[in-house]
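Shown next, in structure tokens, is the structure this report addresses.
The values are calculated or read from the model by the stated rules, or taken from the named source; none is laboratory data. In this text, all values refer to a predicted model and were calculated from it rather than measured experimentally. Cβ coordinates were reconstructed from backbone atoms using ideal geometry, including for glycine residues, and neighbour counts include every protein chain displayed. These accessible areas exclude ligands, DNA and RNA; they are computed on the full protein's heavy atoms, side chains included. Shrake-Rupley method; radii C 1.70, N 1.55, O 1.52, S 1.80 Å.
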Amino acid sequence: MEGPELPGLLVNEVGGILGILEAHLPFLKKHFHLITMKEFLESKERFSAKVKAIYVWWHKPVIDRELLDSLPDLKVIANSGVGMDHLDLKLISGYGVRMANAPHAVCSSTADIGMALLLTAARRLIEGCQIAVSPDTKHFSSNWLGEDVTGATLGIIGMGSIGYKIAQRAKAFEMKILYHNRNRRKEDEERLVGACYCPKIEDLLQESDFVMVVVSLTPQTYRLIGKKELELMKPTATLINISRGPVIDQDMLVEALQSGIIKGAVMDVTYPEPLPRDHPLLKLKNVIITPHLGARTTKTAFMITEEAVANILAALNGLPMPNEVLPG
Ligand SMILES: O=C(O)[C@H](O)CO
């Protein structure tokens, strides 16, 4: 006997570069009838009324008016990460469709990447690896030095759940912690003991040895770090971006790195992603670029899917969603 029909979940593809992970299929298939974009586009009349939810995995499928117009029973879109900047929230909610993100799943692994990148820059790990494997290396030089993180000052811009977890990790490395956030987080300060709030971003920029950007991309944070902000930083400081590329003015960053205004930069995010192969940032020796690794671990990927499923099921059952995101 056949059970009740499962709600249709639209996904970009299964496997492949831009598809949901095959390892997640058994879990997703328990709850949904999966429909890939290819299947949907090949037979819209067959699938359009079946799709109740979309799982946006790694920014795909692209949600535009054309897609929304062709899905009359769509109730909810779940995003596979915390940042919703690739979704037009007003447009989607105008169709009466609810939206959710996955903030809890991603925060620890993204904070780990922030800390890993900070340590990589401070201790010059990339250059170190190159020296270790280079056929030209005859001796390991004692003059080849990195910087200590112990006792150094970390300025965290954006004290959300990821920012907080970075501060926790940095504390374990005995760093001094400054943070800038729209609102002071007194409870976090108590839990972190010694973390100092900088109401003015300028103070944080002037005092930090490492500046880590962890804000979401919004109209308010677009180009938050530009020429003026870079010029306030110490010439010995390193800028680390694990938020979104457009939060930093990349042209100004290139200039600041070329002219020694700041010592270095580490970017897990850029615009566009990936950068064109001839982009000046790829040619600079004082830059480390990684391919948006923030939340990319096996466990986090599965937790993201669990969080998405919980949100979708809540929406389809008319219940409060654990991580609903409202427009504006
Ligand atoms: O937004 C996030 O959670 C990550 O950057 C993945 O896109």
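Observations on the model:
- Label-to-label distance, nm, for residues given as LYS234 and ALA132 (7 Å Cα→Cβ offset): 2.7
- Between HIS139 and GLU45, the FRET efficiency from the beta-carbon distance, with R0 = 51 Å, is close to 0.10.
- Model label points for GLU22 and LEU6, set 7 angstrom from Cα along the Cα-to-Cβ axis, are 1.8 nm apart.
- Annotation: lysines with alpha-carbon distance below 19 angstrom to LYS171 (same-chain offsets under eight excluded): LYS186.
- Across ALA301, ALA195, ALA116, mean-square fluctuation computed from a Gaussian network of the chain (C-alpha pairs under 10 Å connected) peaks at ALA116.
- Share, in percent, of DSSP beta bridges within the chain that are antiparallel, nearest 5: 5
- Angle in degrees between helix 161-172 and the longest Cα principal axis of the chain, rounded to the nearest 10: 40
- Dipole magnitude for region 1-150: computed about the Cα centre from +1 point charges on Lys and Arg Cβ and -1 point charges on Asp and Glu Cβ, it is near 240 debye.
- The angle between the Cα long axis of helix 103-122 and the main principal axis of the chain comes to about 20°, on a 0 to 90 degree scale.
- Highest-fluctuation residue, ARG185, ARG296, ARG277 considered, GNM on the chain with Cα pairs under 10 Å: ARG277
- Extension gain, HIS31 back to GLU255 (0.36 nm per residue minus Cα-Cα distance, nm): 75.5 nm
- Across the options HIS86, VAL106, VAL62, the greatest Cα extent toward the positive end of the charge dipole of the chain (unit charges at beta carbon of Lys, Arg, Asp, Glu) belongs to VAL106.
- Check: the chain dipole with +1 on Lys, Arg Cβ and -1 on Asp, Glu Cβ, in debye: 280
- When peptides 37-47, 285-295, 217-227, 170-180 are sorted by average Cβ neighbour count within 10 Å, with the highest value leading, the order is 170-180, 285-295, 217-227, 37-47.
- Accessible carbon and sulfur surface of the chain relative to its total accessible area, %, 1.4 Å: 55
- Å² of accessible area per residue within the chain, as computed with a 1.4 Å probe and no ligands counted: 51
- Student exercise, region 147-212 dipole from Lys, Arg, Asp, Glu Cβ charges, in Debye to nearest 20: 380
- The chain - convex hull of alpha carbons, volume per residue in Å³: 171
- For region 128-210, with +1 on Lys and Arg beta carbons and -1 on Asp and Glu, the positive-most of SER161, PRO199, ALA172 along the dipole: SER161
- Reach of LYS227 by Cα under 14 Å, taken over aspartates and glutamates that are not fewer than 8 positions away in the same chain: GLU202, ASP249, ASP251, GLU255
- FRET efficiency, ASP148 to LEU89 (Cβ-Cβ, R0 45 Å, nearest 0.05): 0.55
- For the chain, the longest principal axis of the C-alpha atoms and the axis of helix 298-316 are separated by about 40°.
- Förster-model FRET efficiency, 22 Å R0, VAL14 and ASP69, C-beta, rounded to 0.05: 0.30
- Set LYS29/LYS75; LYS165/LYS263; LYS90/LYS299 screened for pairs whose C-alpha atoms are more than 23 Å apart: LYS165/LYS263; LYS90/LYS299
- Selected from LEU230, LEU67, LEU204 as most flexible by GNM, with the chain as the system and alpha-carbon contacts under 10 Å: LEU67
- Set of lysines near LYS138 by C-alpha distance (under 27 Å), chain-local residues within fewer than 8 positions excluded: LYS283, LYS285
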